Amino acid sequence: MFSFNEEQVDISEIDYLFDLSVALDKSSALVITDAEGRITYTNDKFCEISKYSKGELVGKTHGIIKSGYHPKEFYESMWNELLAGNIWEGDIKNRAKDGTYYWVQTTIVPILNESQKPVKYVAIRNDVTRHKETEEIVEDILYYDELTTLPNKKALLEHLNQLSLSKTAFAILLLDLDDFKIINGTYGHGFGDETLKEVSDRLTGIQLNQETVFRISSDEFIIIVEKVTNYKLFHTINRYLSIFQKPFKIQRKELFIKSTIGVSAFPEHHTNIEKLLQYADIAMYSARKSDSPFMFYHEEMFSSISKRHIVEKSLIKSINNMNSSGFHLYYQPQYNIQSEKIVGMEALIRWDHPDFGSFLPNDFIPIAEETGLIVPLGLWTLEKACHDMKKLQDRFGVNFPISVNLSPQQLFQDDFVDTVKETLWKYTLEPTSLCLEITEGLLMENLTIAEHKIKQLKEFGVKVALDDFGSKYSSLNYLMNLPLDIVKIDKSFIQKLTDSNVQKIVTTMLFLLDHLKLEVIVEGIETEDHLAFLLSNQCTTVQGFLFGRPMPLDHFQKLLKEPETMVNKT
């Protein structure tokens, strides 16, 4: 450290620094201030960077170039170091005379008297503006979401690690947009992007101190709430949910969006960051299943998810060994109520698990979808259904189609159409022997690709049915533009036929589909009242427990031999 007797006029250390200034002029900015921080000397390089002349700088403090970028605590920390007689090093953002900003890598050396008190300060600065700008660009790429400009998952993890190290209590609010894929599929990804930006703006618009909003995936946001009590947290959650009460206006369209929030807390639920994120995700998933707007994590949720994990592992094992997998197909008849004949059959997969017993499709198909296991499982279903149909044709001469359900992942496989053709050829089945059932959700995944694949299947001769029509976001556009053969009206309408308004809706659907020359199958027929209503409306084909529950192949064969034994048929 430099020091001198302040009563001396000729100070060797200062002379030495002045000699150095000649060399520094070409590369570094040099500024000397007195004990009060007033500039007493500056070199040409500093004038060049700051765009002030020496006359404008000498006698002033560094306040003349202060940018306002750094907080008060930044300068307090710097002066604490300098007043203690220590050298300070760091990067400072300043403002030039013309209003532009620049960064300087700075070393400030306090000159001490014999009492070890600073009487002067020598600051050496190097312009690092370009380097900082590059850093900021890289930081934006690494830590900020390009679409919404919100901090991303990498930024989230670093933020949470800092909070946990400082032992700061916080809550994780994982907010997921419900059915966002449907918005993308219906209106396009550009529309979806605008929607996400609007959601982001609304979230940040109500963000308070000690709250930070992150976007971590396509339709998932996380809000970190620091130092919050349970009472205040309820209000915070409802505040963020409230932004979805008003419609979003995107490209001259108005739409309502629903969201679901899962909540975990540090250190209440865990101190491990990955576990806390997992718990918030589990809570969100549980809230959605129970149709609740939000839920706090609790241990019972983890137990159910653990069972899900076991099911997933068992699925992998079973699919890798289909010969002893426990999978089998049941068949439900489709019945013409005018001619009183079986006119079709739907293949429905079942799974007998060695530990958990029998599973219905809703218990394992969603897991297969999420993990990608639905593709090999779907191929097995198609193969088995065609094998069984060939057996029925050879033995009973049946000429009606067998229906097989499709998942989006199957349809979007590059070789799917070829796989269908090869399977039919393998069992010497006519293409009209197969009907592939698709859902509106599948179409919304990617309407363009779906439409192309459906046309290829139709050109080959395979029938295509739109399943669960009316259950969600039914669009007449599909009915008019897609080469469909059959539309299956969802069973939820039949279950509510006691409602006169529902009766009118079903009647209108039947009328519309008849005029579009589409075959109709009404699902969920369970009572004589259901049958009477449909007969009075000239409906032809139905499917439901009144005419037969899903059954093994050998039971279906008995039904073909003795159709009068059809379950509950009167």
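I'd like to know if region 295-313 contains one or more residues that are crowded, with 17+ Cβ neighbours inside 10 Å, small (Gly, Ala, Ser) and either closer than 27 Å to Thr195 by Cβ or within 23 Å of the chain's Cα centre (by Cα) (or both). So far as region 295-313 goes, no, none of its residues is crowded, with 17+ Cβ neighbours inside 10 Å, small (Gly, Ala, Ser) and either closer than 27 Å to Thr195 by Cβ or within 23 Å of the chain's Cα centre (by Cα) (or both). Looking only at residues of region 82-110 that are small (Gly, Ala, Ser) and over 22 Å from Arg130 (Cα atoms), we find that the one that is least open to solvent (accessible area, probe 1.4 Å) is Gly85. The residue that is nearest to Gly192 (Cα to Cα), counting only those in region 209-231 that are of a type in the set (A, V, I, L, M) and open to solvent by 10 Å² or more (accessible area, probe 1.4 Å), is Ile216. Close contacts from region 268-290, counting a first residue that is over 20 Å from Lys227 (Cβ atoms) and a second that is among the acidic types (Asp, Glu), with Cβ to Cβ under 6 Å and a gap of 6+ residues or different chains, come to Met284/Asp176. Restricting attention to region 50-69, the residues that are touching a helix residue (DSSP H, G or I) at 6+ places or on another chain (Cβ under 9 Å) and open to solvent by less than 80 Å² (accessible area, probe 1.4 Å) total 7. When Gly397, Gly441, Gly378 are checked against the criterion of being open to solvent by less than 60 Å² (accessible area, probe 1.4 Å) and on the phi > 0 side of the Ramachandran plot, a single residue qualifies: Gly397. Given the structure, is Asp44 in contact (Cβ under 8 Å) with a residue 60 or more places away in the chain and of a type in the set (Asp, Glu)? In short, no. For the structure I just gave you, tell me whether Leu479 is within 27 Å of Gly372 (Cα to Cα), modelled with pLDDT under 95 and open to solvent by less than 30 Å² (accessible area, probe 1.4 Å). No; evaluated as a whole, the condition is false for this residue. If you go through region 400-422 and pick out every residue that is in contact (Cβ under 8 Å) with a residue 12 or more places away in the chain and in a loop (DSSP other than H, G, I, E, B), you end up with 6.
Within region 120-132, restricting attention to residues that are open to solvent by 80 Å² or more (accessible area, probe 1.4 Å) and in contact with a strand residue (DSSP E or B) (Cβ under 8 Å, 6 or more places away or on another chain), the residue that is farthest from Ser217 (Cα to Cα) is Asp127. Looking at region 141-163, is at least one residue farther than 28 Å from Gln105 by Cα, of a type in the set (Phe, Trp, Tyr) and open to solvent by 50 Å² or more (accessible area, probe 1.4 Å)? Among the residues of region 141-163, not one is farther than 28 Å from Gln105 by Cα, of a type in the set (Phe, Trp, Tyr) and open to solvent by 50 Å² or more (accessible area, probe 1.4 Å), which makes the answer no.
The values are calculated or read from the model by the stated rules, or taken from the named source; none is laboratory data. Just so we're clear, the structure is a prediction, and the values are computed from it rather than from any experiment. A quick note on method: Cβ atoms are made from the backbone with ideal geometry, for glycine too, and the neighbour counts reach across all protein chains shown. Quick note on the areas: whole protein, heavy atoms, side chains included, nothing else; ligands and nucleic acids left out. Shrake-Rupley method; radii C 1.70, N 1.55, O 1.52, S 1.80 Å.
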